[in-house]
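Read-outs: derived from the displayed coordinates by stated rules, not from any lab. Please read these numbers as outputs of a predicted model, since none were measured by experiment. Positions of Cβ are backbone-derived with ideal geometry, glycine not excepted, and every protein chain shown enters the neighbour counts.
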Amino acid sequence: MDKKIAVMGSGYVGLVAGTCLADLGAQVTLFDVDEEKVAQLRRGKIPIYEPGLEDILSPAVESGNLNFTTNEAEALTGQDGIIIAVGTPKRADGSCDIQYVLSAAEMIGANIESDTVVINKSTVPVGTGELVYKQVNSALEERSDTEAKVEVVSNPEFLREGSAVGDFMEPDRVIVGSEDGSACDFTAELYSSLDCPVLKTGLRTAEMIKYASNAFLATKISFINEISNVCEMVGADVVEVAEGMGLDHRINRDFLGAGIGYGGSCFPKDTEALVEIAGQAGYQSQILNSVIGVNHAQRKRFARKIVSTLPEEEDLQVGALGVAFKPETDDMREAPSIDIIHDLQAEGIEVSAYDPIAMENARQVIRDVDWAESPEEALRGMDALILFTEWDEFLELDYKKVKEWLKRPVIFDGRNCLPMEELIEMGFDYYGVGRGIDRLDEILSYRYLFAEPKEKD
Ligand code: UDX
């Protein structure tokens, strides 16, 4: 591939996409306004934790395929394509703030000297691509030194943190949306060495595919969480329920992991933004509002379960394993552990915690936690173990030792990832999410089957 590409924004998406494209053979210039970040990247230091990224970043830099700059003219002139991968933070009302995307567009219009394809990878409300087109053109119109033209493409990113490099290199699909066929073809060619379907659509449709995909995955999670709550009430095991449902290929097992709900930089933000987008357009989303509601309630429910299960004593202390929103990341954005720990503290319970890599970030967002250097330090003398993140390290612990460390052999497994039966056999009181054993006495009384039918209003 002999294409010259600039990437605007060296955050998560920009850094992974730029590095992977350089690895695939494109000439990539990564532009960021943050001088410190760019200086670090030039030294090969990556500001995020992402397995596998370092392995391809250094060779890409050494081969000359990957360069970094804070100079916009240097970044944006002479490129065949410019990828916008800047942040689109959530506003207080849940809507998506596109100011950085529009400033990037303005910068493009102020700097390009030849025809360029502008490829947007930032997650943006439907219709933003057209605003980008207008913004670039209004900046171009103010100049008399160029006849350059642009076409705009939406090329949404489906990377998951922790497996982003693999997701980029082996995607299920690539979506390219534009009103201009040759701009679509140009963008599709960037991925031509990958073995996956490429779907070409209109600009707005591609923008919608990103939101709809994330919202659907979030829906699967809230759906199974709701089912898990019913399982708890009627004595069924949600892990096996998900297994049984997932064997139907129309449903499939992925994203049917019940637990303390979704966090991270995408699902919470994108579901709220889609509700907002729909609302602005005059449609009230019923399903998505419930998806968001169930996700919040799931955290509260887990905290309530811990408080109501532990004895009513003063000076209760619990040890948390994992705080990141999922394994293989140090990202604490919207991590369920934040709310749950704060809820426990509000009930007077003291919390110590250990996470293999997220503690530095966690300190900024979780108050008054006793941060430990190891699982043992977090758990020794505690009234219960609480698992928030299913790091391999925690699955591999010797639970005989864990039992010795703890003051009380009680486990609250927020991800249903520990071997329930073995732990019960070892003498632990094990509480998962939706495993049907929490209220066994009541369930075995069959009372709920014989409840009087409710009077209709
Ligand atoms: C997600 C999408 O998967 C990705 O395609 C998109 O580009 C960005 O958003 P990410 O946020 O990195 O990626 O993580 P993901 O692995 O999807 O998990 C998101 C959250 O859902 C995590 O908190 C995870 O613990 C939770 N989750 C996931 C569940 O609670 N149950 C599941 O079965 C799966």
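How far is helix 12-23 tilted, in degrees, relative to the longest principal axis of the Cα atoms in the chain, given as a value from 0 to 90 rounded to the nearest 10? With rounding to tens, the tilt is 60 degrees. Placing one equal scatterer on every Cα of the stretch 11-63 and applying the Debye formula, the log10 ratio I(q)/I(0) at q = 0.14, 0.25, 0.28 Å⁻¹ is -0.30, -1.06, -1.34. Cβ-Cβ distance of Ser103 and Glu347, R₀ of 30 Å, FRET efficiency by 1/(1 + (r/R0)^6): the value works out to about 0.10. Under 15 Å from a label point 7 Å along Cα→Cβ of Leu397: give me every residue in the stretch 309-346 with its amide N that close. Residues 317-324 qualify, since their backbone N sits under 15 Å from the label point.
Stokes-Einstein D for the stretch 240-326 at 4 °C, 1.567 mPa s, Kirkwood Rh over Cα pairs, in µm²/s? Before the final figure, lay out each step's value.
Details: Rh = 16.0 Å.
In µm²/s, the coefficient rounds to 81.
Using a simple charge model, +1 on the beta-carbon of Lys and Arg, -1 on the beta-carbon of Asp and Glu, nothing else, what dipole does the stretch 215-443 show about its Cα centre, in debye to the nearest 20?
Using Cβ point charges on Lys, Arg, Asp and Glu, the stretch 215-443 gives about 700 debye.
A dipole drawn for the chain from +1 and -1 charges on Cβ atoms has a positive end, and of Gly282, Gln317, Thr88 the residue lying farthest that way is Gly282.
In this structure, Thr205 and Thr77 have a Cβ-Cβ separation that, at R0 = 22 Å, corresponds to a calculated FRET efficiency of about 0.10. Evaluated at q = 0.14, 0.16, 0.24 Å⁻¹, the base-10 log of the normalised Debye intensity for the stretch 204-255, with identical point scatterers placed on the Cα atoms, takes the values -0.44, -0.54, -0.90.
Residues of the stretch 68-100 falling in the label zone of His296, defined by backbone nitrogen less than 15 Å from a point 7 Å along Cα to beta-carbon, are 92-95. Spread over its residues, the convex hull of the C-alpha atoms of the chain is 173 Å³ per residue. Under a model in which nothing but the beta-carbon of Lys, Arg (+1) and Asp, Glu (-1) is charged, the stretch 210-256 shows a dipole of about 340 debye around its Cα centre.
The value of relative contact order for the stretch 211-261, using C-alpha pairs under 8 Å at least six residues apart, is 42 percent.
For the chain, the relative contact order works out to 12 percent when only alpha carbon pairs closer than 8 Å and six or more residues apart are counted. The alpha carbon centroids of the stretch 111-161 and the stretch 290-334 are separated by 42 Å. For the cross-link pairs Lys200/Lys269; Lys300/Lys454; Lys220/Lys300; Lys200/Lys220, the ones whose C-alpha atoms lie over 21 Å apart are Lys200/Lys269; Lys300/Lys454; Lys200/Lys220. Karplus-derived 3J(HN,Hα) values for the stretch 158-164, using 6.51 cos²θ - 1.76 cosθ + 1.60 with θ = phi - 60°, are 10, 5, 9, 4, x, 9, 5 Hz; glycine and proline are entered as x.
Just to be sure I understand: if I project the alpha-carbon convex hull of the stretch 238-290 onto a plane and average over all orientations, what area do I get in nm²? Let's see the in-between values first.
Numbers: hull surface 18.9 nm².
Directional mean of the projected Cα hull area for the stretch 238-290 stands at 4.7 nm².
Kirkwood-type hydrodynamic radius, the stretch 314-409: 13.1 Å, calculated from all non-identical alpha-carbon pairs.
For the stretch 215-443, report the % of Cα-Cα distances exceeding 29 Å.
Here the tail beyond 29 Å accounts for 26 percent of pairs.
What size of dipole, in debye to the nearest 20, comes out for the chain about its Cα centre when the only charges are +1 on Lys and Arg C-beta atoms and -1 on Asp and Glu C-beta atoms?
840 debye
Amide H contacts under 5 Å for Ile386: Gly319, Ala320, Leu321, Phe412, restricted to partners 5 or more places along the chain or on a different chain, H placed in the peptide plane at 1.01 Å from N. Shape descriptor for the stretch 4-201: Rg over Rh equals 0.94 (Cα atoms; Rh from the Kirkwood inverse mean 1/r). The convex hull around the C-alpha trace of the stretch 169-247, projected and averaged over every direction, spans 6.7 square nanometres.
Each peptide in 244-253, 319-328, 420-429 receives the mean, over its residues, of other Cβ atoms within 10 Å, and ordering these scores from highest gives 319-328, 420-429, 244-253. When you restrict to C-alpha pairs under 8 Å that are six or more residues apart and normalise by the size of the stretch 189-338, the relative contact order lands at 25 percent. Compared with the dominant Cα axis of the chain, that is its longest principal axis, helix 267-280 is turned about 70°.
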